[in-house]
Amino acid sequence: MGQIIVLDQNMVNMIAAGEVIERPASVVKELMENSIDAGATKITVSIEDGGRKLISVADDGCGMDGEDLARAFESHTTSKIKTSADLHGISTLGFRGEALASIASVAQVRAVSRTKDSTEANCIEIDCGTKSSVSPCSADSGTTIQVRDLFYKLPARRKFLKTANTEMSHTIEQFTRAALGCYSTSEPILNGLQERDRPSLKTPSVVSRNLDLTLIHNGRELYRLSGKQGLRQGIAELFPMLPIGACEDFIEAESNERGLRILALLGKPSTSRTSNKFQYIFLNGRFIRDKFISHAIKEAYRGFLEPDRFPVVFLFIGMPYEDYDVNVHPTKIEVRFYNANLVYSQVLACLREKLLSTNLETHAKLPAAANLPAKDSTSAVSHRDQRITDAIAEFLKRHRPAQTQQAGPALEERFPVVHTGARSVRTSLPDFRGQAAESGAGYPVSKTGAGQEKFLQIHDSFIVTQTDDGFVIIDQHALHERIIYEHLCKRISAGKLESQKLLVPESFVLTAGQADVIGDNAELFEKLGIELVSFGPRTMAIQAFPALLANVAPIDFVQDLIDLLDRKDTGFDTERLLEEVLNMAACKAAVKAGQRLSDSEIEQLLADKEHIGSASRCPHGRPTTIKFSISDLERQFKRT
Ligand code: ADP
Ligand code: MG
């Protein structure tokens, strides 16, 4: 007798679900895509217990009538394609007609829907493939689909689900992709690109998404994005982990040639990351992964980044639907371009040209004589500029070759040395080459270090030191932070941080939520060399603390760490989280701006600088060092 049987429809759906529905985030992706395809202007995603308990997606889209509502959960049912010809020009996110059937075969689903022109809503319930009949109910127009107890009849798959936090980080990723994708689905973004007369590409209205999106976890609102937000603002909200100011700093590249419209926001090299997780590529609103395009991005940044760094890039490509095939991957994350070379070369050219024509170096601009200080003294940036200007001026005063010393007044005009606010600067000009700073007065350090290195600490914040072809100004905090960060990374990658027992354990009180955070991140605490013991239900004590952070207060650090883990609980994977934690540790352990350093401390700092790989930037990507070349100075002094 034959061994082969025909699987029943529910088995077929369950098998299909294995491909499409891997975890709660896959359900969120499919349901959000359906809502977007239904023309929603508002989508609310509510999750409970990382999606194990409940995933609910509510929209105000076109809705379904009773007949469609029942049919939508059958396999291979779709309103998006009809004939094979339609497969060659898919403009919707979905088209395979199997998401709802798959979801309903592995969970308890309740769907309520009402079309815009109907006064009554309909409701259907499906329990792992077993359907109820459609019944009328009352609801607003639109569709709400609730998915409970995912995989509850498939214990092996349910067991495979990770902690609520990890599952939520996957859901947030899908939410982020859906949110960003909408910026490019709408025609305005593409038409907008052709409007040469608009004031600036930064104008957010040009790429407005027109879709309000909310994500809630266990009753807590994680994201609320307004449809009126511009792209940069949207990115800033979706990626709070990017350095402050990174979004305003994005370089905008655009092109519209040979049937391909490209809009890209390019992160400066200073915001580069250790992985390509912050590269988002959208094709007509669909988030895709494409190794050719990733390669084009890498090539575009060649020479701007170290080989193991990845730029932050948001790339939106618009092209005719007929020019590629989406029907190559069950989750539609990969596409096949009919002319992949064209896509590659257009993306590369657009990005590369823009990067080459943008000044990306952190190179000091010496102030022009005419428009010197009069800056807004309340602005942090201008205050910093001012301090750098002062530093240059002070350095020059001390280090001026004999012939220019006569030009005293002119120099004073160029650099506002004497009148820089709280701390008055000494006006006498000690001979810098004679080293020894006058003790007590003015600036503390001015000497030749061990390696014949001249240095000077100014405003207890910056170190000025001579190089072969000029001089550099070092931000002492940023450099020290980088050095510590490198040490931490080295130790962590070798295993864990060495810890030191505290003489007296330091105890602190915490909430139940914070205790959960510690429990969820036990491995991380262990890796960091932080030993905690419980002293009763609400109290914990720190018994051991990393030796590398010896000058950081253990309690402050642990509390900040818990806050960080709590705040970022859902938005980070392990690698990103560790990077963030090490950043925080380095920042806390580093010397601060405003802290006076001894000669030997400065010497140590300069010596360490030579030994670390990427000393030119702090872990947040800000420069640690700004270079000034003698030729720049000579030009400014009109000596050439
Ligand atoms: P696909 O999206 O590939 O067509 P699905 O199984 O995801 O397949 O959905 C089946 C059909 O159900 C869709 O084609 C659409 O007509 C309808 N549908 C699903 N979700 C919604 C929604 N949120 N609003 C309106 N119609 C929907
Ligand atoms: Mg779908």
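The values are calculated or read from the model by the stated rules, or taken from the named source; none is laboratory data. Note that the structure is a prediction, hence the values are computed from the model and not measured. Note that we place each Cβ from the backbone using ideal geometry, even for glycine, and neighbour counts take in every protein chain shown. Surface areas here come from the heavy atoms of the whole protein model, side chains and all, with no ligands, DNA or RNA. Shrake-Rupley method; radii C 1.70, N 1.55, O 1.52, S 1.80 Å.
Over the stretch 95-185, what percent of the accessible surface lies on carbon and sulfur atoms, probe 1.4 Å? It would help to have the intermediate numbers written out before the result.
On the way: 1860 of 3760 Å².
Ligands and nucleic acids excluded, carbon and sulfur reach 49 percent.
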Report task. Could you please put D117, D37, D469 in sequence from largest to smallest accessible area, using a 1.4 Å probe? Result -> D117, D469, D37
Query raised in the report: With all protein chains present, how much of the accessible area of the stretch 210-343 (probe radius 1.4 Å) comes from carbon and sulfur, to the nearest whole percent?
Result: 48 percent
Query - Semi-axis lengths, Å, the stretch 475-591, gyration tensor of Cα atoms, sqrt of 5 times eigenvalues - result: 22, 17, 13
Report summary line: Between the alpha carbon centres of the stretch 490-547 and the stretch 143-166 the gap in Å comes to 31 Å
Requested in this report: At a 1.4 Å probe radius, which order do S294, S461, S534 fall into by accessible area, largest first?
Outcome: S534, S294, S461
Query raised in the report: Can you give the extra length, in nm with one decimal, that the chain gains between S629 and A522 once fully stretched, where that is 0.36 nm per residue apart less the Cα-Cα distance?
Result: 33.6 nm
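Nearest 20 debye, what's the magnitude of the dipole of the stretch 3-94 about its Cα centre given +1 on Lys and Arg Cβ and -1 on Asp and Glu Cβ?
On the way: 8 positive and 15 negative charges, 38 e Å.
For the stretch 3-94, the charge dipole is close to 180 debye.
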**Report entry** Fully extended contour minus Cα-Cα distance, from R596 to H76, at 0.36 nm per residue
**Finding:** 180.1 nm
Requested in this report: Go through K82/K153; K131/K291; K268/K291; K159/K298 and tell me which ones have a Cα-Cα distance over 30 Å in this structure.
Outcome: K82/K153; K131/K291; K159/K298
Query raised in the report: Just from the alpha-carbon atoms, what are the Rg and Dmax of the stretch 262-363 in angstroms?
Result: 13.9, 48
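How large is the Kirkwood hydrodynamic radius of the stretch 1-106, counting all unique pairs of alpha carbons, in Å? Mind dumping the intermediate values first?
Details: mean 1/r = 0.0662 Å⁻¹.
Evaluated over the stretch 1-106, this radius sits at 15.1 Å.
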Query raised in the report: Say R0 is 60 Å: what FRET efficiency, to the nearest 0.05, do R258 and K159 get from their beta-carbon distance?
Result: 0.75
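At a temperature of 10 °C and a viscosity of 1.306 mPa s, determine how fast the stretch 127-181 diffuses translationally according to Stokes-Einstein, using the Kirkwood radius over alpha-carbon pairs as Rh; express D in µm²/s, rounded to the nearest whole number. Please list the in-between numbers first.
On the way: Rh = 14.6 Å.
Calculated translational D: 109 µm²/s.
Would you mind checking the pairs K42/K228; K162/K332; K53/K332; K29/K228; K29/K80 and listing those with alpha carbons more than 19 angstrom apart?
On the way: K42/K228 12 Å; K162/K332 24 Å; K53/K332 26 Å; K29/K228 22 Å; K29/K80 17 Å.
In this structure, K162/K332; K53/K332; K29/K228 lie more than 19 Å apart at Cα.
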Requested in this report: Assuming R0 = 41 Å, can you tell me the calculated FRET efficiency for the pair V6 and N210, based on Cβ-Cβ distance, to the nearest 0.05?
Outcome: 0.30
Report task. Provide the gained length on full extension for the span E19 to E322, in nm with one decimal, where the gain is 0.36 nm per separating residue minus the Cα-Cα distance. Result -> 106.5 nm
Query raised in the report: What aspartates and glutamates sit close enough to K627 to cross-link, taking a C-alpha to C-alpha distance under 17 Å and skipping anything fewer than 8 places away on the same chain?
Result: E361, D385, D390, E394, E453, D468, D469, D475, E610
**Report entry** Accessible area in the full protein assembly, largest first, 1.4 Å probe, for H217, H76
**Finding:** H76, H217
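Per the Kirkwood definition applied to all pairs of different Cα atoms, how many angstroms is the hydrodynamic radius of the stretch 43-92? Please list the in-between numbers first.
Details: mean 1/r = 0.0731 Å⁻¹.
Hydrodynamic radius (Kirkwood, Cα only) of the stretch 43-92 equals 13.7 Å.
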Report summary line: With D127 itself left out, Lys, Arg at +1 and Asp, Glu at -1 over residues whose Cβ is under 10 Å from its Cβ give +2
